[in-house]
1. Taking only DSSP H segments of four or more residues, each worth -39500 (n - 2.57), what value at 222 nm results for the chain once the sum is divided by all its residues, to the nearest 500 deg cm²/dmol?
2. Which of the following values of semi-axes √(5λ) of the Cα gyration tensor in Å was calculated from the structure shown: (1) 29, 24, 17; (2) 31, 27, 20; (3) 26, 23, 19?
3. Would you calculate the convex hull of the Cα atoms in the stretch 9-110 and tell me its volume per residue in Å³?
4. Could you list, in their original order, any pairs among Lys3/Lys101; Lys108/Lys158; Lys101/Lys148; Lys118/Lys155 whose Cα atoms are separated by more than 23 Å?
5. Enumerate the calculated ³J(HN,Hα) couplings along the stretch 232-238 in order (Karplus 6.51 cos²θ - 1.76 cosθ + 1.60, θ = phi - 60°), each rounded to whole Hz, writing x wherever the residue is Gly or Pro.
6. If the elastic network links every pair of Cα atoms under 10 Å, which of Asp181, Asp119, Asp57 fluctuates the most in the Gaussian network model of the chain?
7. When the scattering of the stretch 113-249 is computed by the Debye formula from its Cα atoms alone, each counted once and equally, what is log10 I(q)/I(0) at q = 0.11 Å⁻¹?
8. Please compute the modelled spin-label separation between Glu109 and Lys133, points set 7 Å along Cα→Cβ, answer in nm with one decimal.
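Every number here is computed from the coordinates shown, using simple stated rules; none is lab data. What you see is a predicted model; the values in this text were computed from it and never measured. In this analysis, Cβ positions are derived from the backbone assuming ideal geometry, glycine residues included, and neighbour counts consider all displayed protein chains.
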Amino acid sequence: MLKITTLCDNVAAVREGILAEHGFSALIETEDVRILFDTGQSISVVNNADVLGVSLDVDAIVLSHGHYDHTGGLLYVLRRLSRGGIRKTRVIAHPDIFQKKYVVRDGKERYVGIPYAKDKLESFGARFELQEKALRLSSNVMTTGEVKRVVSFEKGDKSLYVRDSGLKQDEVRDDQALVIDLDERGLFVVLGCAHAGMINTLEHALELTGASKIYGVVGGTHLLGASERRINETLRWLKRHAVSLVGVSHCTSMRVALKFAEALKEKFLFNAAGTVLSVE
């Protein structure tokens with residue numbers, strides 16, 4: 001059993017009370033584990049969980065990377081979980097999650113990193129587990145850890161930087177995804193923003209698990225502004241590997257979503273906030 005409830009996306013499903021917010025978050029439930037993957041930008045996750053009647057009492061929170069639109073809701077979630085007293089919450093992320101991250105365009109820089117200090121989050125119960133490698137969360141759920149970059153048509157975003165002693169290009173090595181093994185059906189992969197590349201991530205998941213196929217993938221694809229070649233190569237890979245379900249969110253753009261819908265037909269899902277997906 002797998003149930004994925006999208007709690008944050010740029011677009012809201014047609015349901016009264018669901019908030020849209022630039023960002024992504026999904027609650028992943030299997031028979032033996034409940035994971036909150038990313039936390040959106042601010043209040044959307046807590047609000048939408050209430051509207052949907054979903055509990056945020058999870059076994060762990062996994063952060064896909066350190067950008068504000070995936071981590072900004074963390075404090076709101078921790079506050080909700082700590083009502084009545086601070087409770088410890090397992091938060092899994094890459095060691096680079098607290099890097100000072102920026103977008104630089106037209107000579108102007110804008111901070112886009114996690115908006116809270118580590119000690120502030122810890123004061124609300126966050127118990128951080130920071131590591132680069134894949135981590136198993138249950139018998140069939142794991143993180144990818146750092147994703148190998150092997151696909152030639154997937155290039156990094158040149159507008160992203162980190163500040164250390166000075167500004168330098170951010171390769172977003174902290175980008176990771178969540179992988180659920182559905183046995184003979186194949187893998188189901190949940191993407192945060194896919195800064196490593198959607199296909200790089202799927203290839204990495206196959207190599208990591210030894211599985212032979214991808215059953216489904218949902219989440220942010222970071223294809224906003226992608227070239228036609230990259231979009232077409234991505235679709236060719238998905239078709240060639242007979243992926244049964246492709247649900248796009250967040251950093252995909254309407255232009256690319258429409259192209260995916262046209263190409264993938266019944267295999268396509270517009271994965272907006274409030275969408276509930278079940279695989280038995």
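1. Mean residue ellipticity, 222 nm, calculated: -6500 deg cm²/dmol.
2. Label of the calculated value: (3).
3. It is 125 Å³ per residue.
4. Distance filter (> 23 Å) returns Lys3/Lys101; Lys118/Lys155.
5. With the stated coefficients, the stretch 232-238 comes to 5, 5, 5, 5, 4, 4, 4 Hz.
6. Of the options given, Asp119 has the highest mean-square fluctuation.
7. -0.45
8. 3.4 nm
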